[in-house]
1. Filter the helices (runs of 4 or more DSSP H) completely within the range C:299-387 down to those with at least 2 residues that are of a type in the set (Phe, Trp, Tyr).
2. Is the range C:193-208 home to any residue that is farther than 22 Å from B:VAL103 by Cβ and among the hydrophobic types (A, V, I, L, M, F, W, C)?
3. Could you list, in sequence order, the residues of the range C:7-54 that are of a type in the set (Ser, Thr, Tyr), within 22 Å of the chain's Cα centre (by Cα) and farther than 21 Å from B:ALA144 by Cβ?
4. For residues that are under 28 Å from the mean Cα position of the chain (by Cα) and open to solvent by 10 Å² or more (accessible area, probe 1.4 Å), scanning just the range C:179-189, find the one that is farthest from A:LEU7 (Cα to Cα).
5. Given the criteria open to solvent by 50 Å² or more (accessible area, probe 1.4 Å), assigned to a helix (DSSP H, G or I) and either touching a Phe, Trp or Tyr at 6+ places or on another chain (Cβ under 7 Å) or over 21 Å from C:ASN120 (Cα atoms) (or both), does C:LEU18 qualify?
6. Please specify each residue of the range A:3-56 satisfying the condition of being farther than 20 Å from A:THR77 by Cα and not in a helix (DSSP H, G or I).
7. Just to verify a result, which residue in the range B:36-65, among those that are over 24 Å from A:LYS54 (Cβ atoms) and at the interface with another protein chain (Cβ under 7 Å from one of its Cβ atoms), is most open to solvent (accessible area, probe 1.4 Å)?
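The values are calculated or read from the model by the stated rules, or taken from the named source; none is laboratory data. Since the structure is predicted, the reported quantities are computational estimates derived from the model, not experimental observations. Note: ideal-geometry Cβ built from the backbone for every residue, glycine included; neighbour counts use all protein chains shown. Accessible surface areas use protein heavy atoms only, side chains included; no ligands, DNA or RNA. Shrake-Rupley method; radii C 1.70, N 1.55, O 1.52, S 1.80 Å.
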Amino acid sequence: MSNLWFLYLFFSALLIFTGIYCLLTMRNLIKLFIAVEVISKGVSLVIIATGAVKNSILLAQSMAITYIVVEVSLVATALALIINIYKKNKSLDVRSLSKLKG
Amino acid sequence: MVIQILLLSGLVLFSILAILLKDLLKAALSLAVASLFLGIIFFRLGAPYAGVFEISVVAGLITVLFALTVALTRKDSEVQEARLTKLVFPLFFVIFLIIDGLVMKGLLQQVPALPAGPETGTFGEVLWKARTFDLVAQLGVILAGVLAVLALFRKKEEDKDE
Amino acid sequence: MVFSFIFLPLVIAACLPLIGKISKKVIPDVLTNATLGFLLINSILLIKPIFSRGSLLQNINWFGENVNLQIALDGFNLFMLFTISLVSLCITLFSIDYLKHYGHQANFYALLLVMVAGMNGLVLVPDLFSVYLFLEVAAVASYALVAFGLGPEELEASFKYLMLSVVASAFVLLSITVIFGLTGSLSFQAVARGLQDLNAGPVLGVCLAFFIMGFGLKAALVPFHAWLPDAHPSAPAPISAMLSGLLIKVSGVYALFRIVYSVVGMTPALSRVLMAMGAISIVVAALLALGHNDIKRMLAYSSISQVGYIILGLAIGTPLGIAGGLFHLFNHAVAKGLLFLNSGSIQHITGTRNLNELGGLGKKVPITAGTNLVGALSIAGVPPLAGFWSKLIIIIALVQANHFGYALVAILASILTLWYYLLIQRKAFFGPLNDRWQQIKEAPFWMNAANIILALLCLLVGIFFSPIFKTWIAPAADALARGVQQVLMWGI
């Protein structure tokens, strides 16, 4: 069974890598947020796959649903931020936001 | 097994499309398709409720929110991405694919795990009785999200005062 | 009674937007402060039963149904709960006058209370997945609060913070899921028992690396610190105090060390890694702080550096080191809360935070200047203030454990800290008075009151350090030093 677990972990690692790559290199704010969504798909895949492989699918299912609710809340907050930024800057480019330098 | 791998590949493929497509609306739609694949995978793994949630909430609601944001920010919001980013991506992706495969294969040989007994009860019982605290925390997250949106879309009071 | 720490702020927060329609100002102020005051008293009342019994595991029944609302309380949690309640009460007292700049008190307080509820929940739950969820509760509220001013800088800082924070919590959740896969359960006790039977080696190592990355991002340890110097200064002053004083410590330091000590078990290798990261944070952030003119930005870098001290102390692994780390956590929460609130006072008084424009304020605003001096000297580690003792204990613990190199780093960095805090003092409060500031008046009553309470705490904890340390910090540190045994003992 644990063979299968690693198959799913393999695919979700791909998703998470894709998301992080996009997060590091892209410039469009909405694109950045799509990257976050891709990462969270990877995470929820891991949750369900773990539950399925380890015979605790019910627990994993309730975790995944909770995670999806958290995701919605995050998406709402982030998109509200993006719309506000767009109103201020008239642009979705990260480079237009260089007033702060870490 | 083969079907499952095909579905997983579809999931990854559409996620990559969501990232690479220039048009934001198309990107949001391919994200929704990826969610659809994920939902089907959930269903086939024996998690029908999570599958339904994934399809209705993530593929449905979140896509609507994305489309709304794209529509609201459409006007002269063209963002020029660096061309190098997209050209280099396949290279990095293949490198990571190989590393990923090797690491997972390496871990495969040596992973001890406790044997887990089969679960008892129904999904509802697990959610409401075993994970009650999660429901409280969910309420907290939803409340935080609602308040956050309220705070971010409020009218500015200072403008009136001064 | 313990459940009120989570439920009360949530319920009040849910009511506040409605109440805000009826009364814009007075009722939200009173209600929020009353709630936090009640929680503070509640946490003080819990001290005796917890210290006499060691730990407490509570379950509630809901209308006769056996639901699983379980919380666990021991010395370490209680210490954190007390710190959260104390500092957040002072912050809301300060906000009474400060929020005139922003308006919308009800909404602000509601978000603040959700954040407090999230932190309290994170501290109380004995379950890995619930830890993640409450982490998100506090985080979502904090994104909105960082952006509360709605200026371009606030929004940008908040977005950057959100992106990094989401990645951090994704890694935390991944690691939790893999541990769930290894042991088949999520509660601290069952996972700790499972991991003891299991020789999980490399997979567990990957999990720990993810935990360190995720919580390290939340705590702003140095390779992962980029968001903090933007997010903390951009937020309104009370929120900066909340984030720097509490949130990074609860969602970063507390969660990491609770899991490392009580669930996974500390190993020498892990201790070395964490100590190295702590030491790097101390030095790098202290050097970065020097080049800035914005008060709040300097304070933010100083937070990273001081969190480095906390982690260095906690990671030593000896009871004395843990006690030093926890003591420093408390002292830093109080002093950094004070300094950020104080920077709010300065901004309220003068309208700027740029050190080059300030100067000579000390004669005009003695209360603000005096409390600022106390806070700065406490963090810099000047005797007899509280910060001196905690740094001293960390350094003694380092020497006892034969880490002379780290002890030297800690001493030298504390001199550096003193230097840049004196720089703030000299530029803002001493020297000739700039003509622009002839007309300024002292900050309003509640702002000063909050500053004075926190400054007195720095002073009193420093003076009565020995009894406080013995009766209060040492039991909390013991709870952590017992390691996995502590969790396995819960409820017995």
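1. C:319-350
2. Within the range C:193-208, not a single residue is farther than 22 Å from B:VAL103 by Cβ and among the hydrophobic types (A, V, I, L, M, F, W, C).
3. The one that is of a type in the set (Ser, Thr, Tyr), within 22 Å of the chain's Cα centre (by Cα) and farther than 21 Å from B:ALA144 by Cβ: C:SER43.
4. So the residue we want is C:GLN189.
5. yes
6. Across the range A:3-56, the qualifying residues are A:MET26, A:LYS54, A:ASN55, A:SER56.
7. The selected residue is B:LEU61.
For (1) under 16 Å from C:TYR132 (Cβ atoms); (2) in contact (Cβ under 8 Å) with a residue 40 or more places away in the chain; (3) assigned to a loop (DSSP other than H, G, I, E, B), each residue gets a yes or a no:
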position: C:GLU153; (1), (2), (3): no, yes, no
position: C:SER158; (1), (2), (3): no, yes, no
position: C:SER169; (1), (2), (3): yes, yes, no
position: C:VAL172; (1), (2), (3): yes, yes, no
position: C:SER175; (1), (2), (3): yes, no, no
position: C:GLY181; (1), (2), (3): yes, no, no
position: C:ALA192; (1), (2), (3): no, yes, no
position: C:LEU195; (1), (2), (3): no, yes, no
